[in-house]
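Peer 1: Structure below; questions to follow.
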Amino acid sequence: MKSSNLQESATVAIHNLAQEKMKLAQKVYNFSAGDPCIKNHDLVIERVMKLVELGYSPYAPVAGLKQLRDLASSWLNQTCKSNFSVENVVVTSGGKFALYLLLCALLRPKDEVLLLAPYWVSYPAMVELAGGVAKIVHAKKGLKVGVEEIAKAISATSKILIINSANNPTGEIYSQEELEAILELAHQHQLHVISDEVYSGLAYEKDHPFISCASFPKYREQVSIVQSCSKNFALSGWRIGLAVAPVKLVTKICSLQGQTITAASLASQEAAIAALENYAEVNLYVKREMQKRRDLFIQEFNLHFNAGIRAPKSALYAFIPQSAFGTPQSINGVAFCSKLLQDYNAAVVPGCAFGVQDYVRLSFACPESDIVDGLKAIKRATQEIWQLEKSLQVIKG
Ligand code: PLP
């Protein structure tokens, strides 16, 4: 794909527009960004301050600091029942770059990558940038694609399957049995599976635990994991992610990283070391806060819209049918979301950015006061949209 054809990420575009409004001193309710808006844990700040005091900042090794790679493999082995060693881990600049490096390392021109809708907004563009072809697979019913639909979509040129559980935007989680069936199918068709697990530590329900694709020994050689410190440890701005892959693939990824960005930032790796040395404590600090915001969001949403929306099982988002907002059928998702931002300063993302029409994604990672006031603003918006619709019908009428 020529980079001149590349479109800005829909979520980033909306987030930027919201930022522009904020610069003009307008109050914006930013439901668009999946950014856990929470102070860095003290342990992270203390560690980074020590590095600053040292006053010494060389390049980090291409694959990342050995201490961080060691910590990352033990963290995954303990929380995901995997069996990685330091050689499997590359530290990258965010999970996003880990994903891109994996695609570049694995794809030949025109290879097909299966994406399960709703998918994370950046997958299609990344696949195309890496020279592949994105093939979107839709669920037969509901918002969770099953093994039968994936089986039907596989063709002779299919090379990679991307799985994202816990899911952005739905918060859905694949069970042990569902994952096993999908991995077996991928194995039979020699597909490499990239499992995007950046929300692994934000599964809120005991009955729906997060299961990692790395926990199935049989499929170890055909699975790569994308991880990140952005969500699980609320370190989004530090930009630390992980590509965790079979050793042969790690060698390729390191060549690509070495020839592009050299290595992830040293100071950021120190921040990640502090988080991973204390992963249970730092993750719990984030998870508790995000769960509180999720519960508040659902309570307030159902209060205003009487919609009976269920709490998402994981991640940072509610993916809500547009019908639940009670808007007139004549207004489509993009128009609704544009109106909310332009006229009511509430930033939300239309479902089409994730490959599904008639849904709206709202992030509940923003501060609690924004959740309360922002949902009031959205309620007011839907009432005024109805009034406008009725007066238009009278005029037409
Ligand atoms: N994967 C998914 C599903 C995401 O939602 C995100 C960020 O929103 C990423 C990967 C990338 O995260 P980061 O680059 O901040 O690590």
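Peer 1: Which one of these does residue 155 not meet: (1) surrounded by fewer than 19 Cβ atoms within 10 Å (Cβ to Cβ); (2) among the hydroxyl-bearing types (Ser, Thr, Tyr); (3) in a helix (DSSP H, G or I)?
Peer 2: Here residue 155 clears every test but (3).
Peer 1: Does residue 311 satisfy being in contact (Cβ under 8 Å) with a residue 40 or more places away in the chain, within 30 Å of residue 196 (Cα to Cα), buried (at least 23 other Cβ atoms within 10 Å of the Cβ) and not aromatic (Phe, Trp, Tyr)? Show your work before the answer.
Peer 2: Numbers: in contact (Cβ under 8 Å) with a residue 40 or more places away in the chain: yes; within 30 Å of residue 196 (Cα to Cα): yes; buried (at least 23 other Cβ atoms within 10 Å of the Cβ): no; not aromatic (Phe, Trp, Tyr): yes.
Here the answer is no, as residue 311 does not meet what is asked.
Peer 1: Out of (1) at positive phi; (2) assigned to a strand (DSSP E or B), the odd one out for residue 162 is which?
Peer 2: Unmet for residue 162, out of (1) at positive phi; (2) assigned to a strand (DSSP E or B): (1).
Peer 1: Is it the case that some residue within the stretch 86-102 is without any contact (Cβ under 8 Å) to a residue 24 or more places away in the chain and under 16 Å from residue 245 (Cα atoms)?
Peer 2: Initial filter on the stretch 86-102 (without any contact (Cβ under 8 Å) to a residue 24 or more places away in the chain): 86.
Then drop every residue that is not under 16 Å from residue 245 (Cα atoms), which leaves 86.
Yes: the stretch 86-102 contains one or more residues that are without any contact (Cβ under 8 Å) to a residue 24 or more places away in the chain and under 16 Å from residue 245 (Cα atoms).
Peer 1: Quick check on my filter: what residues within the stretch 363-375 are in a helix (DSSP H, G or I) and either touching a helix residue (DSSP H, G or I) at 6+ places or on another chain (Cβ under 7 Å) or closer than 20 Å to residue 14 by Cα (or both)? Break it down stepwise before answering.
Peer 2: As a first pass, look at the stretch 363-375 and keep what is in a helix (DSSP H, G or I): 368-375.
Within the stretch 363-375, 368, 370, 371, 372, 373, 374, 375 qualify.
Peer 1: Further question on the same structure: Which one is nearest to the ligand (Cβ to nearest atom), of the residues in the stretch 194-211 that are part of a strand (DSSP E or B) and under 27 Å from residue 357 (Cβ atoms)?
Peer 2: Residues of the stretch 194-211 that are part of a strand (DSSP E or B), as a first pass: 194-196, 203.
Then keep just the ones that are under 27 Å from residue 357 (Cβ atoms); that gives 194-196.
Values: 194: 10, 195: 11, 196: 5 Å.
Taking the candidates together, the pick is 196.
Peer 1: Answer yes or no: is there a residue in the stretch 158-170 that is farther than 21 Å from residue 313 by Cα and out of contact with any strand residue (DSSP E or B) (no Cβ under 8 Å at 6 or more places or on another chain). Break it down stepwise before answering.
Peer 2: First, the residues of the stretch 158-170 that are farther than 21 Å from residue 313 by Cα: 158-161.
Restricting the remaining residues to those that are out of contact with any strand residue (DSSP E or B) (no Cβ under 8 Å at 6 or more places or on another chain) gives none.
No, the stretch 158-170 has no match at all.
Peer 1: Here's another thing I want to ask about it. Of these, 233, 297, 301, which one is part of a loop (DSSP other than H, G, I, E, B) and out of contact with any Gly (no Cβ under 6 Å at 6 or more places or on another chain)?
Peer 2: Details: 297 fails: part of a loop (DSSP other than H, G, I, E, B); 301 fails: part of a loop (DSSP other than H, G, I, E, B).
From the options 233, 297, 301, the qualifying one is 233.
Peer 1: Please find, among 130, 139, 98, the residue that is surrounded by 18 or more Cβ atoms within 10 Å (Cβ to Cβ), out of contact with any Cys (no Cβ under 6 Å at 6 or more places or on another chain) and not aromatic (Phe, Trp, Tyr). Walk me through how you get there before you give the answer.
Peer 2: Values: 130 fails: out of contact with any Cys (no Cβ under 6 Å at 6 or more places or on another chain); 139 fails: surrounded by 18 or more Cβ atoms within 10 Å (Cβ to Cβ).
Result: 98 is the single residue among 130, 139, 98 that is surrounded by 18 or more Cβ atoms within 10 Å (Cβ to Cβ), out of contact with any Cys (no Cβ under 6 Å at 6 or more places or on another chain) and not aromatic (Phe, Trp, Tyr).
Peer 1: Quick one: is residue 146 without any contact (Cβ under 8 Å) to a residue 60 or more places away in the chain, away from the ligand (no atom under 16 Å from the Cβ) and over 14 Å from residue 191 (Cβ atoms)?
Peer 2: Working: without any contact (Cβ under 8 Å) to a residue 60 or more places away in the chain: yes; away from the ligand (no atom under 16 Å from the Cβ): yes; over 14 Å from residue 191 (Cβ atoms): yes.
So residue 146 passes the test.
Peer 1: Just one of 333, 326, 351 is surrounded by fewer than 16 Cβ atoms within 10 Å (Cβ to Cβ) and either over 26 Å from residue 287 (Cα atoms) or under 21 Å from the mean Cα position of the chain (by Cα) (or both); which is it? I'd like the intermediate steps shown before the answer.
Peer 2: Numbers: 333 fails: surrounded by fewer than 16 Cβ atoms within 10 Å (Cβ to Cβ); 351 fails: surrounded by fewer than 16 Cβ atoms within 10 Å (Cβ to Cβ).
From the options 333, 326, 351, the qualifying one is 326.
Peer 1: Among the numbered criteria (1) touching a residue at least 40 places away in the same chain (Cβ under 8 Å); (2) buried (at least 22 other Cβ atoms within 10 Å of the Cβ); (3) hydroxyl-bearing (Ser, Thr, Tyr); (4) in contact with a helix residue (DSSP H, G or I) (Cβ under 6 Å, 6 or more places away or on another chain), which single criterion is violated by residue 195?
Peer 2: Failing condition for residue 195: (1).
Peer 1: Can you tell me how many residues in the stretch 161-192 are more than 16 Å from the ligand (Cβ to nearest atom) and touching a residue at least 60 places away in the same chain (Cβ under 8 Å)?
Peer 2: 2
Peer 1: Another question, if that's okay. One residue is enough: does the stretch 247-254 have a residue meeting the conditions buried (at least 22 other Cβ atoms within 10 Å of the Cβ) and of a type outside the set (A, V, I, L, M)?
Peer 2: no
Peer 1: For the stretch 39-67, how many residues meet the condition of being under 22 Å from the mean Cα position of the chain (by Cα) and either over 30 Å from residue 9 (Cβ atoms) or buried (at least 17 other Cβ atoms within 10 Å of the Cβ) (or both)?
Peer 2: Going through the stretch 39-67, the residues under 22 Å from the mean Cα position of the chain (by Cα) turn out to be 39-41.
Cutting the leftovers down to either over 30 Å from residue 9 (Cβ atoms) or buried (at least 17 other Cβ atoms within 10 Å of the Cβ) (or both) gives us 40-41.
Residues that pass the stated criteria total 2.
Peer 1: Do you know which of the residues in the stretch 173-190 that are surrounded by 22 or more Cβ atoms within 10 Å (Cβ to Cβ) and in a loop (DSSP other than H, G, I, E, B) is farthest from the chain's Cα centre (by Cα)?
Peer 2: 174
Peer 1: Looking only at the stretch 305-345, count every residue that is at pLDDT 90 or above, hydroxyl-bearing (Ser, Thr, Tyr) and either touching a strand residue (DSSP E or B) at 6+ places or on another chain (Cβ under 6 Å) or closer than 22 Å to residue 142 by Cα (or both) and tell me the total.
Peer 2: The number of residues fulfilling the criteria is 3.
Peer 1: Within the stretch 51-106, track down each residue that is away from the ligand (no atom under 16 Å from the Cβ), of a type in the set (Phe, Trp, Tyr) and over 18 Å from residue 279 (Cβ atoms).
Peer 2: 56, 59
Peer 1: Looking only at the stretch 198-214, which residues are closer than 17 Å to residue 75 by Cα and crowded, with 16+ Cβ neighbours inside 10 Å? Quick ask: steps written out before the conclusion?
Peer 2: Taking the stretch 198-214 and keeping what is closer than 17 Å to residue 75 by Cα, we get 198-203, 209-214.
Matches in the stretch 198-214: 198, 199, 200, 201, 202, 203, 210, 211, 212, 213, 214.
The values are calculated or read from the model by the stated rules, or taken from the named source; none is laboratory data. None of these values were measured; they are calculated from a predicted model. Neighbour counts run over all protein chains shown; Cβ positions are idealised from the backbone, glycine included.
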